[in-house]
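Colleague: Could you have a look at this structure, given as structure tokens, before my questions?
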Amino acid sequence: MTYTEKDKNYARYTVTSALPYANGPVHIGHLAGVYVPADIYVRYLRAQGEDVMFIGGSDEHGVPITIKARKEGVTPQDIVDRYHKIIKESFAELGISFDIYSRTSTKEHHETAAEYFDNLYKAGKLIEKTSMQYYDEEARQFLADRYITGTCPHCGNEHAYGDQCEACGTSLNATDLINPKSALSGSKPVLKETKHWFLPLDKDEPWLRQWILEGHKEDWKTNVYGQCKSWIDAGLQPRAVTRDLDWGVKVPLAEAAGKVLYVWFDAPIGYISFTKQLKGNDWEKWWKDKDTKLVHFIGKDNIVFHCIIFPSMLHADGSYILPANVPANEFLNLEGDKISTSRNWAVWLHEYLRDFPGKQDVLRYTLCANAPETKDNDFTWKDFQLKNNSELVAILGNFVNRTLVLTHKFFEGKVPAQGNLTDLDRQTIDEMATYPEKIGRSIEAYRFREALAEMMNLARLGNKYLTETEPWKLFKTDPERTATVLNIALQICGNLAVLCAPFLPFTADKMHRMLNLPAKGWQDAGRADILQEGLAIDKPELLFEQIDDATIEVQVNRLLETKRQNELNAWQPASVKPQVAFDDFGKMDIRVGTVLECSKVPKADKLLQFKLDDGMGGRTIVSGIAKYYPEPEKLVGMQVCFIANFEPRKLKGVVSEGMILSAEDRDGRLVLVTPSQLVASGVNVG
């Protein structure tokens with residue numbers, strides 16, 4: 001590396017990104033938290049000429065996958081095959097530049113994970129423990145936490161899972177649930193003894209405390225360090241590495257029939273098995289050579305696994321390096337609400353790529369600019385539009401387009417001579433030369449928002465320079481001065497093509513083509529001769545296009561419809577009121593009336609005044625349903641049910657002689673109760 005002294009001795013970099021579950025597509029929360037920052041870091045390292053391996057893949061084991069398969073009536077393999085393809089293709093289309101993107105259902109991974117367990121077992125690094133776990137006697141199997149539902153003891157949610165209540169967010173043990181039941185059969189599970197193998201994290205506490213709390217206090221992010229410290233200070237406990245399931249990597253012990261490796265144990269081993277697939281016999285130096293820097297990019301829900309549990313697994317083997325850094329981000333929210341796959345409250349990557357073809361870099365830019373690096377952040381479609389129109393189009397795209405258009409207009413599309421420099425020119429060139437280091441330092445410190453802002457500041461420098469020199473006014477009176485100005489503006493364009501590449505790779509490729517700029521490394525940036533005099537440049541194309549309000553409205557309306565559907569799905573009938581005697585019910589006189597007139601009550605936004613033919617000379621009834629029937633005159637002729645023997649009441653000066661019956665729909669709307677066919681006015685309902 002060029003700017004961080006401690007990194008100069010690394011011979012190579014192993015960079016991993018969290019393995020997404022292959023039970024659904026990737027959404028913008030995944031991208032902002034893990035994959036966009038990881039890709040920026042890797043692309044920067046490659047531009048520096050470093051030896052880098054970027055590892056990704058699908059996590060294809062675990063209970064969420066078996067639950068989805070059961071719901072759809074297909075096999076777990078069907079589920080992972082479907083979503084692995086979607087995830088892999090959408091990552092590639094967004095430009096996430098993995099050296100390998102594999103999957104944990106491969107034969108190579110099963111062999112590697114089973115061998116890793118077997119080595120720890122034979123070395124005495126695992127302990128055996130028996131415990132009581134829930135068992136479904138009808139389904140004849142032990143139940144994973146997600147296969148147990150019940151009432152949350154904290155908030156009363158009747159649909160909490162055995163590991164977490166999604167209503168209040170509290171972490172649970174299955175035995176905490178009130179009235180637990182099996183999600184497989186619906187029956188009440190029983191506690192039954194089972195044996196599993198555990199990683200004794202309690203024995204690792206001393207060296208973990210020294211390695212993390214003393215060794216990484218200064219260089220790990222505050223959120224990462226803080227979560228690790230909290231876990232260690234609370235006292236580490238042995239962690240099970242096996243489960244009673246039939247989907248996953250089989251435990252390689254004769255006595256472990258019907259057991260698989262726990263997904264959190266087998267998934268990070270995927271980084272190693274994928275390296276073997278990519279590097280063959282040369283894989284070990286990427287995981288065991290002290291000159292290799294290991295960096296894990298993850299979300300905050302994976303901090304403990306990558307900072308405590310996986311390092312304990314690596315340490316137990318004894319031959320592996322430990323991660324130098326684990327730059328975990330916080331969560332990205334969507335339109336002020338937590339992203340939720342179960343509620344479909346997300347912007348899915350494959351759908352974005354379909355709806356916004358050719359705009360991969362707009363999403364990358366927005367997610368980097370809003371990256372939840374130190375706290376949860378929010379994505380809104382209006383901000384996405386603003387980032388595109390007011391920054392990418394108005395700043396970066398505008399500067400490059402103006403420069404290239406003027407070059408073609410005045411100098412036949414060739415880079416003019418730099419000529420004699422003024423103080424402003426030298427000042428601009430000197431400032432331009434500082435950006436590679438400023439951007440590089442921020443990337444190496446995992447401050448990607450800051451790095452992106454510096455890249456855009458270079459484009460702002462270019463716009464400022466053009467505004468101050470006004471080359472479009474100079475050419476007639478001073479063509480030589482115009483040549484100098486456009487030469488320097490073109491040098492800024494060339495530098496931008498190199499320096500924007502980690503963030504906006506598609507834009508960088510387009511700029512390289514337009515400028516006829518050969519491939520350049522980071523060490524070439526900052527120079528005022530990155531484009532040679534006389535070099536022919538292609539005709540300019542717009543780097544970015546405006547996104548109009550109608551396009552954004554489509555996306556916002558889609559989310560609003562999702563929200564409405566979620567509210568409908570979450571609706572439950574109100575609790576039944578206390579029982580009443582039949583004779584009490586019989587005291588109510590419910591009849592059918594025909595609406596003769598209907599109008600809003602003056603100075604009462606919620607009230608409608610009905611005049612009914614009740615078969616007994618007519619009556620007036622006031623009802624608070626005006627917001628649901630904005631055109632009350634359309635109710636004339638409708639038949640409604642009403643209570644005829646309520647004591648009259650005066651409402652806003654109108655005497656109401658009864659009560660119109662209405663029902664509350666799942667969306668909260670009140671609808672009138674009407675007979676299914678025409679009947680005589682005044683008949684009883686009973």
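Colleague: Quick one: is residue 21 open to solvent by 10 Å² or more (accessible area, probe 1.4 Å), closer than 16 Å to residue 298 by Cβ, modelled with pLDDT under 95 and in contact with a Gly (Cβ under 8 Å, 6 or more places away or on another chain)?
Modeller: yes
Colleague: Could you tell me whether any residue of the range 405-412 is buried (at least 20 other Cβ atoms within 10 Å of the Cβ), at negative phi and without any contact (Cβ under 8 Å) to a residue 40 or more places away in the chain?
Modeller: No, the range 405-412 contains no residue that is buried (at least 20 other Cβ atoms within 10 Å of the Cβ), at negative phi and without any contact (Cβ under 8 Å) to a residue 40 or more places away in the chain.
Colleague: Out of (1) among the β-branched types (Val, Ile, Thr); (2) touching a Ser or Thr at 6+ places or on another chain (Cβ under 6 Å); (3) part of a helix (DSSP H, G or I), the odd one out for residue 556 is which?
Modeller: Every listed condition holds for residue 556 apart from (2).
Colleague: Does residue 399 satisfy the criteria of being under 31 Å from the mean Cα position of the chain (by Cα) and at pLDDT 95 or above?
Modeller: No, not satisfied.
Colleague: If you go through the range 23-59 one residue at a time, how many are more than 26 Å from residue 338 (Cβ to Cβ) and part of a loop (DSSP other than H, G, I, E, B)?
Modeller: Number of matching residues: 4.
Colleague: State all residues of the range 371-390 that are surrounded by 20 or more Cβ atoms within 10 Å (Cβ to Cβ) and farther than 22 Å from residue 557 by Cβ; if no residue qualifies, say none.
Modeller: If the condition is that a residue be surrounded by 20 or more Cβ atoms within 10 Å (Cβ to Cβ) and farther than 22 Å from residue 557 by Cβ, then 371, 372, 373 are the ones that fit.
Colleague: Of the numbered conditions (1) among the β-branched types (Val, Ile, Thr); (2) under 30 Å from residue 375 (Cβ atoms); (3) touching a Lys or Arg at 6+ places or on another chain (Cβ under 8 Å), residue 443 fails exactly one; give the number of that condition.
Modeller: For residue 443, the failing item is (3).
Colleague: Taking residue 86 as the residue in question, decide whether it is open to solvent by 20 Å² or more (accessible area, probe 1.4 Å) and hydrophobic (A, V, I, L, M, F, W, C).
Modeller: The answer is yes for residue 86.
Colleague: A follow-up question, please. If the requirement is being buried (at least 17 other Cβ atoms within 10 Å of the Cβ) and over 52 Å from the mean Cα position of the chain (by Cα), which of these qualifies: 643, 625, 660, 621?
Modeller: 621
Colleague: Going by what's in this entry, would residue 394 be described as of a type in the set (Gly, Ala, Ser) and over 30 Å from residue 38 (Cβ atoms)?
Modeller: It is false that residue 394 is of a type in the set (Gly, Ala, Ser) and over 30 Å from residue 38 (Cβ atoms).
Colleague: Is it the case that some residue within the range 190-206 is of a type in the set (S, T, N, Q), open to solvent by less than 30 Å² (accessible area, probe 1.4 Å) and at pLDDT below 95?
Modeller: yes
Colleague: Has the range 463-475 got at least one residue that is part of a loop (DSSP other than H, G, I, E, B), more than 30 Å from residue 39 (Cα to Cα) and open to solvent by 10 Å² or more (accessible area, probe 1.4 Å)?
Modeller: Within the range 463-475, one or more residues are part of a loop (DSSP other than H, G, I, E, B), more than 30 Å from residue 39 (Cα to Cα) and open to solvent by 10 Å² or more (accessible area, probe 1.4 Å).
Colleague: Now, a different point. Give the residue, chosen from 342, 312, that is out of contact with any helix residue (DSSP H, G or I) (no Cβ under 9 Å at 6 or more places or on another chain) and either crowded, with 16+ Cβ neighbours inside 10 Å or modelled with pLDDT under 95 (or both).
Modeller: Step by step, each of 342, 312 is checked, and only 342 is out of contact with any helix residue (DSSP H, G or I) (no Cβ under 9 Å at 6 or more places or on another chain) and either crowded, with 16+ Cβ neighbours inside 10 Å or modelled with pLDDT under 95 (or both).
Colleague: Sticking with this structure for a sec: Could you figure out which of (1) open to solvent by 20 Å² or more (accessible area, probe 1.4 Å); (2) of a type in the set (D, E, K, R); (3) part of a strand (DSSP E or B) isn't true of residue 276?
Modeller: Just one mismatch for residue 276, condition (3).
Colleague: Please indicate, with yes or no, whether at least one residue in the range 494-506 is among the aliphatic types (A, V, I, L, M), in a loop (DSSP other than H, G, I, E, B) and surrounded by 23 or more Cβ atoms within 10 Å (Cβ to Cβ).
Modeller: Within the range 494-506 (the criterion being among the aliphatic types (A, V, I, L, M), in a loop (DSSP other than H, G, I, E, B) and surrounded by 23 or more Cβ atoms within 10 Å (Cβ to Cβ)), the answer is yes, since at least one residue qualifies.
Colleague: Also, I was wondering about something else. Here are 563, 520, 539: which of them is over 30 Å from residue 41 (Cβ atoms), part of a loop (DSSP other than H, G, I, E, B), among the basic types (Lys, Arg) and modelled with pLDDT under 95?
Modeller: Just a single option satisfies the conditions, and that option is 539.
Colleague: Find the residue count for the range 227-241, including only residues that are surrounded by 12 or more Cβ atoms within 10 Å (Cβ to Cβ) and outside any loop (DSSP other than H, G, I, E, B).
Modeller: Qualifying residue count, the range 227-241: 7.
Colleague: Could we say that residue 577 is in contact (Cβ under 8 Å) with a residue 40 or more places away in the chain and loosely packed, with under 12 Cβ neighbours inside 10 Å here?
Modeller: Taking the combined requirement at face value, the residue does not satisfy it.
Colleague: Right, next: Quick one: would you say residue 550 is over 30 Å from residue 621 (Cβ atoms) and without any contact (Cβ under 8 Å) to a residue 40 or more places away in the chain?
Modeller: yes
Colleague: At pLDDT 95 or above, within 30 Å of residue 194 (Cβ to Cβ) and either under 19 Å from the mean Cα position of the chain (by Cα) or surrounded by 20 or more Cβ atoms within 10 Å (Cβ to Cβ) (or both), is that true of residue 252?
Modeller: Against the criterion (at pLDDT 95 or above, within 30 Å of residue 194 (Cβ to Cβ) and either under 19 Å from the mean Cα position of the chain (by Cα) or surrounded by 20 or more Cβ atoms within 10 Å (Cβ to Cβ) (or both)), residue 252 does not qualify.
Colleague: Since residue 527 meets every condition but one in (1) part of a loop (DSSP other than H, G, I, E, B); (2) of a type outside the set (Val, Ile, Thr); (3) at pLDDT below 95, which condition does it not meet?
Modeller: Status for residue 527: all satisfied but (3).
Colleague: Tell me which residues, restricted to the range 110-133, are hydroxyl-bearing (Ser, Thr, Tyr) and either open to solvent by 50 Å² or more (accessible area, probe 1.4 Å) or part of a helix (DSSP H, G or I) (or both).
Modeller: Across the range 110-133, the qualifying residues are 112, 116, 121, 130.
The values are calculated or read from the model by the stated rules, or taken from the named source; none is laboratory data. It should be emphasised that the depicted structure is a prediction, and the values quoted were computed from it without experimental measurement. As a convention, Cβ positions derive from the backbone with ideal geometry for all residues, glycine included, and neighbour counts pool all protein chains shown. In case anyone asks, the SASA skips ligands and DNA or RNA and just uses the protein heavy atoms, side chains included. Shrake-Rupley method; radii C 1.70, N 1.55, O 1.52, S 1.80 Å.
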